[in-house]
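The values are calculated or read from the model by the stated rules, or taken from the named source; none is laboratory data. For clarity, every value in this text was computed on a predicted model and none was experimentally measured. Quick reminder, even Gly has a Cβ in these numbers, built from the backbone with ideal geometry, and neighbours come from all protein chains shown.
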Amino acid sequence: VGTEFTGTRDRSWGIRNIGDVDSQPNPVAALAQFYWIWVPMNFRDFSLHFFVNEDEQGNPWNENAVLIPKFGGGPEEVMIEREYKQTYLSGTRYAKTANLQLTRPCGRQLSIDLVPKWHFFMKGIGYGHETFRHGGYQGELATHRESYVLDEVGPENIHIQAMCDVTLSSEGQQEHGQGVIEQLVIGPHLPSGFSELLDFAP
């Protein structure tokens, strides 16, 4: 790995599910709703990490943002205010652009623009896969291969990571970096204009 390489490690690997999914239908199940945004970003001297879950009205119920200096550069900073907005590509639930407004403990404002370049489909590592679900035990040795033409993957594959160019602006200065928007938006979400289980942006 080159000295200029930066990356983010997702710690969510491992066996998650205990036993098989219950096949019985839930007679009182509500319309599914889940809004998840996970945004790690790397700059020259620091990293930023933001995530949020929101209910269908857009109210966050799980949210945080942290600035982490490069190793030896000082303590991490938990942001005291966070606001995330994104636009959508027509006919999808994929981010077209995103903006993150953060306030550091010192009061300094950070404005971060993210522009997606390409998509990584999470189904390829088991998320939402019909048989090889992420973290599901397959026995001592199980292998599987599938091939997809990415331009033909349908918009119902809503769990993606979008690789982004990132621009951070603060007090007249800018930093450029790279980041990812992991996004999984299921069901209604008023700020996004979604009202059904799987309707798409106009």
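Observations
For (1) loosely packed, with under 13 Cβ neighbours inside 10 Å; (2) at pLDDT 95 or above; (3) polar (S, T, N, Q); (4) in contact with a Cys (Cβ under 6 Å, 6 or more places away or on another chain), each residue gets a yes or a no:
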{"position": "Glu56", "(1), (2), (3), (4)": "no, yes, no, no"}
{"position": "Ala65", "(1), (2), (3), (4)": "no, yes, no, no"}
{"position": "Arg108", "(1), (2), (3), (4)": "yes, yes, no, no"}
{"position": "Leu114", "(1), (2), (3), (4)": "no, yes, no, yes"}
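- A Cβ distance below 9 Å, combined with a sequence gap of six or more or placement on separate chains, defines the contacts here; from segment 90-119, residues that are touching a residue at least 60 places away in the same chain (Cβ under 8 Å) reach residues that are among the basic types (Lys, Arg) and exposed (fewer than 14 other Cβ atoms within 10 Å of the Cβ) in the pairs Ala98/Lys85; Leu100/Lys85.
- Take the conditions (1) surrounded by fewer than 10 Cβ atoms within 10 Å (Cβ to Cβ); (2) among the hydrophobic types (A, V, I, L, M, F, W, C); (3) closer than 20 Å to Thr92 by Cα; Ile186 misses just one of them, which is (1).
- Matching entry among Ile158, Ile181, Ile125 (being free of Cβ contacts under 8 Å to residues at least 40 places away in the same chain and among the aliphatic types (A, V, I, L, M)): Ile125
- Each residue in segment 38-78 was checked for being in contact with a strand residue (DSSP E or B) (Cβ under 8 Å, 6 or more places away or on another chain), hydrophobic (A, V, I, L, M, F, W, C) and not in a strand (DSSP E or B), and 1 of them qualify.
- No other residue among Val153, Val166 is modelled with pLDDT of 85 or more, surrounded by 10 or more Cβ atoms within 10 Å (Cβ to Cβ), touching a His at 6+ places or on another chain (Cβ under 9 Å) and not acidic (Asp, Glu) apart from Val166.
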